[in-house]
Amino acid sequence: MVSTSKRHFFRKHKRTNRNPFFMKKPKDSLHRLVVAMSPAEKRYFKVHFGQSEGSVLTELFDIVNGLKEYDEAIVKKRLGKQGGRHLKVYKVQLTELLLKTLTLFHSKKNIGSKIRIGLEEVDILMDKELYDLAAERLDKLKKLCETYQEYPFLIEIINRDLRLNHIQYEKIGASQMPLYEALRTCLTHLQEQLDYAEAANNLLDINRARSMSTYTAEDIAYCQQLLDSPLLKKNTEPTSLRARLARNTLFTFLYSIIGDEARSLRYRERSVLLFRQNQAYAQYHSFDFLNTLRNLLNSYLKSHQFVEAEYLIKEAIAFADKHALYREQLVYFHYARLVSAYHQNRFDFIINELEPHLVEQLARYHIQYDRIGMIIWLYLAITHIIQNDHRQAQQYLRQLEEAPEELRTYFQPFFTIVAFISHYTSDEHILLSNLLKPRLRQAAKQKTELPFYAHILRFFKKLIDQPFQADQLAQQFILQLEKMEKDALVGMFYYFRLENWLLALANRRTLTEEMLAEHKKT
């Protein structure tokens, strides 16, 4: 059930028919940058880059920093006539100054920064003809790059080493072959990684193109050809950690498309294990580690391994929380918790615990109208349908109207089906009948690539026309569904367990009762 405070919240805002969490926020790059800065970063700016009292840039920073929501009219008014007239220029200047501040504040705080700044320092030492100091600095950078397998930077270091060998008098006559061998090793590691990553990307493109529909015979043949290729016939794994991770990813996609989910899962687990065994590498490549955890998590959820999924979610949240740069990734792990709870029929937990948190996270990171946002709205809408809160369900379904055109086109048929289920279940049959008419005409005119959509629209029409035969109509439709040509919508229909709505009609039960009965049976 929805809590009293939550009901009051939505009642308060029902006139606008918009939840304020979903309101589009103005996107001002300067304001977003200032808001993203930590208190320590802001203090660093004021101490080291804050200009004299009355400086326009310092004043602009204080004004923007004090705004919860960006309002250009307020900024212009507080800056005064002269400052407001050139606000656009001042905003650009302040943005550049803040980026310079952040660069220096974070310099040498992570390995990438240490290497980049270290290379600049080497170049300065070489320009000053302090070659011995430059050589010492290069040796330290080389060890750092080898530890974290930063081969692109290692190539730059070796090239500087070659220059130093030419310049330094005491090294004249010494063979440079070891440096060229090291250079070739770097290139070999990079080539291995590229070969595996490129092949994996081809499979990812196939996966995206098919969405939830069935893979074609050509897809399977391509995977088999890849398995027989020299790239994968090698029994030995590459020595580079990055190449091994790329190889695991390739096998993950390959076996998933072929249909060998057990092997696909095994390679996902291998990748996670590689990161766990190389903690320093995982800390440095934190985004890649989180992405690897997400891939494994998807497999656990797909196979309903909810206990394993929960352990992984906790690990990911604990890791991401220590890396502010990637806290946005937490949305995907909270979403995984939503999927897990949904498939375990923990609907009260979703509404009272997960829903407020997810809505806030989507708004905070401005991804409520991305693909992940659309899927979360669907889960929440269907959950509210199960709980008989159809007003809130319809509010979530309306979020599709704000999505980019590409997502609207992709999700519109399924959002329509879910909306129609809500209207029918809540006895809004007249409204459903009115909404059906134009969609039936449109489906009749167009040769749709989604035959299931046309079939289910006609099914809704029969339900409206023959209200006392709903159970028989549902039984007939279930039989038709089993013989129906599969398309992406059928996959989504089963993915969200909406076949239980048909079974509920056929068995003269509520959707909640059917969900619980199906879960108990499983």
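All of Ile167, Ile124, Ile115 fail the test of being under 39 Å from the mean Cα position of the chain (by Cα) and hydrophobic (A, V, I, L, M, F, W, C), apart from Ile115.
With respect to the conditions (1) more than 42 Å from the chain's Cα centre (by Cα); (2) part of a helix (DSSP H, G or I), His189 falls short on a single one, namely (1). Considering Lys171, Lys142, the condition of being modelled with pLDDT under 90 and among the basic types (Lys, Arg) is satisfied by Lys171 alone.
In a helix (DSSP H, G or I), at pLDDT 85 or above and within 34 Å of the chain's Cα centre (by Cα): does that describe Leu183? No: the conditions fail for Leu183.
Residues in the range 275-293 that are closer than 22 Å to Asp260 by Cα and surrounded by fewer than 19 Cβ atoms within 10 Å (Cβ to Cβ): Asn291 alone.
Can you name every residue in the range 328-355 that is free of Cβ contacts under 8 Å to residues at least 40 places away in the same chain and open to solvent by 10 Å² or more (accessible area, probe 1.4 Å)? Result: Glu328, Leu330, His334, Arg337, Arg346, Phe349, Glu353, Leu354.
In the range 105-116, the residue that is nearest to Arg43 (Cα to Cα) out of those that are open to solvent by less than 80 Å² (accessible area, probe 1.4 Å) and either in contact (Cβ under 8 Å) with a residue 12 or more places away in the chain or assigned to a helix (DSSP H, G or I) (or both) is Phe105. Taking the conditions exactly as written (out of contact with any Ser or Thr (no Cβ under 8 Å at 6 or more places or on another chain) and either of a type in the set (A, V, I, L, M, F, W, C) or open to solvent by 60 Å² or more (accessible area, probe 1.4 Å) (or both)), does Arg364 satisfy them or not? When the stated conditions are applied, Arg364 passes them. May I ask you to verify whether Ala209 is within 17 Å of Ser256 (Cβ to Cβ), of a type in the set (A, V, I, L, M) and either assigned to a loop (DSSP other than H, G, I, E, B) or open to solvent by 60 Å² or more (accessible area, probe 1.4 Å) (or both)? It is true that Ala209 is within 17 Å of Ser256 (Cβ to Cβ), of a type in the set (A, V, I, L, M) and either assigned to a loop (DSSP other than H, G, I, E, B) or open to solvent by 60 Å² or more (accessible area, probe 1.4 Å) (or both). Counting the residues of the range 117-138 that are in contact (Cβ under 8 Å) with a residue 40 or more places away in the chain and among the small types (Gly, Ala, Ser) gives 0.
A search for C-beta distances below 6 Å between a residue of the range 387-400 that is open to solvent by 30 Å² or more (accessible area, probe 1.4 Å) and any residue that is not in a helix (DSSP H, G or I), counting only pairs 6+ apart in sequence or on different chains, returns Asp389/Val2.
The values are calculated or read from the model by the stated rules, or taken from the named source; none is laboratory data. Everything numeric here is computed off the predicted structure, so don't read it as measured data. Cβ: placed from backbone, ideal geometry, glycine included. Neighbour counts: every protein chain shown. Only protein heavy atoms, including side chains, enter the accessible area calculation; ligands, DNA and RNA are left aside. Shrake-Rupley method; radii C 1.70, N 1.55, O 1.52, S 1.80 Å.
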